[in-house]
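Just below is one structure, and these are the notes that go with it.
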Amino acid sequence: MLESQIGLRYLVSFAITASLNMTSDRDRVLVTGASGFLGGALALRLSARDVPVRALVRSAARAAFLLEAAGSTIEIVQGDLLDPTSLAAAAKDCAVVYHCAAATQGTLKHQQQGNTVGTRNLMQAAADVGVQRVVHVSTVAVYGMLYEGTVTEDKTHAPGSDPYGLTKSAAEAAVREIGAARKLDYAIIRPGMIFGPRSHMWTEVAFRLARLKPIPWFGNGGGFVPCIYADDVVDMMQVLAEHPRAVGEAFNCTYDPAITWRAFLGEYARLARGVNDDFLELPPWLLYTLAGMGMMFSPPYSMGRLLPDYARFTQRRVQFSMAKARDLLGWQPRVGLAEGVAACADWLRAQGLLA
């Protein structure tokens with residue numbers, strides 16, 4: 001009964017807000033990393049829905065596309081996750097902070113600063129100025145490469161030696177610690193590999209690979225790629241910012257059932273060449289041999305040390321469960337693989353990659 005009452009109250013509140021379509025200064029939201037792929041997509045979506053958006057960026061020049069698309073409806077502010085004063089100024093008068101900024105490459109120390117220390121600074125600043133809720137963008141990389149089968153949100157983090165997974169796991173711990181100590185509501189989203197317009201790795205690079213005739217791949221392409229279309233990640237983040245049952249929780253965000261590499265790259269091949277199943281299957285043992293040799297000659301916490309993990313990533317069949325999001329939030333991905341890849345066509349043409 002209590003759960004149904006909470007759900008009803010949420011739906012009524014949402015319906016009233018939507019019908020009035022009113023905004024105020026206190027409806028303003030802050031998006032960190034707004035000049036990046038995910039943060040930019042989120043900022044533009046919120047702006048299109050008449051939400052006052054403050055976009056935190058390190059370089060105003062990199063955020064020019066936001067102003068071109070949305071004009072004065074997005075307020076650009078410069079700041080840095082390692083500068084607490086700039087974070088407090090950016091978060092002031094904001095109801096929600098969407099924390100999309102992240103260091104995805106570089107040394108362990110660099111990613112610790114950007115992902116862990118920066119997240120800690122942001123949480124403290126948000127609490128200092130009275131933010132109502134923080135939506136923190138984490139990653140399925142916190143689970144590491146050890147698990148097989150179905151991975152639910154209660155699985156212990158096991159990022160191994162991956163700097164990104166390690167520092168994002170530590171960032172989640174900082175969110176929980178400060179959220180509890182400062183009584184700051186938070187929700188955590190763990191997306192998989194996000195593809196869509198402006199995605200470098202999972203659209204541009206994947207498309208370039210899929211254009212090859214045939215597509216070279218180690219194995220038969222039957223491993224699972226934990227992918228998700230950008231609009232679905234943005235949609236789920238908005239739900240996490242509003243839903244009462246999201247508070248204090250973490251949620252996976254990938255396709256469920258999972259997508260195979262053959263299907264994922266095949267959709268890009270269909271877009272590029274009208275063919276979706278011309279794979280050149282190379283022996284997986286060769287991949288593992290090369291990865292092991294590369295690891296042996298690489299320093300600790302370097303990209304080379306992760307080569308066996310990357311090899312395993314292309315072969316394993318792991319499903320990141322979406323049951324929690326369906327059960328608690330009534331949410332699941334809405335944009336299918338074929339639809340998502342097709343939506344990348346205009347951007348790929350603009351990059352000169354698609355005729």
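Among beta bridges identified by DSSP and lying wholly in the chain, the antiparallel ones come to about 5 percent.
Pairwise Cα separations in the stretch 224-355 fall into 10 Å bins from 0 onward with the following percentages, short to long: 11, 28, 29, 26, 6.
Projected onto their three principal axes, the Cα atoms of the stretch 249-323 cover extents of 42, 40, 19 Å, largest first. Listed by number, the DSSP H helices of the chain that run 20 Å or longer by alpha-carbon position along their axis and have mean Kyte hydropathy of at least -1.0 are 2-20, 163-182. Express the Stokes-Einstein translational diffusion coefficient of the stretch 87-210 in µm² s⁻¹, to the nearest whole number, given a Kirkwood radius over alpha-carbon pairs, 4 °C and a viscosity of 1.567 mPa s. This corresponds to a translational diffusion coefficient of 84 µm²/s. Using the Cα coordinates of the stretch 68-124, the gyration tensor eigenvalues translate into equivalent-ellipsoid semi-axes of 23, 15, 9 Å, sorted from longest to shortest. Here is how the number arises for the chain: DSSP H runs of 4 or more residues each give -39500 (n - 2.57), the sum is divided by the residue count, and the result at 222 nm is -12000 deg cm²/dmol. With the biggest extent put first, the Cα atoms of the chain measure 58, 50, 43 Å across the principal axes. Partner lysines whose Cα lies under 19 Å from the Cα of Lys168, excluding those fewer than 8 positions away in the same chain, are identified as Lys109, Lys155. For the stretch 94-142, the percent of C-alpha pairs falling in each 10 Å distance bin, counted from 0 to the bin holding the largest distance, reads 24, 51, 22, 3. Scattering from the stretch 150-304 was approximated by placing one identical point on each alpha carbon and applying the Debye formula without solvent; log10 I(q)/I(0) at 0.14, 0.20 1/Å stands at -0.91, -1.35. If the Kirkwood radius is taken over C-alpha pairs of the stretch 177-269, then at 25 °C and 0.890 mPa s the Stokes-Einstein diffusion coefficient equals 162 µm²/s. Listed by chain and number, the lysines placed with their C-alpha closer than 23 angstrom to that of Lys92 are Lys183; residues fewer than eight positions away on the same chain are left out.
A short reminder: the numbers here are calculations on the coordinates, not readings from a lab. Note that the structure is a prediction, hence the values are computed from the model and not measured.
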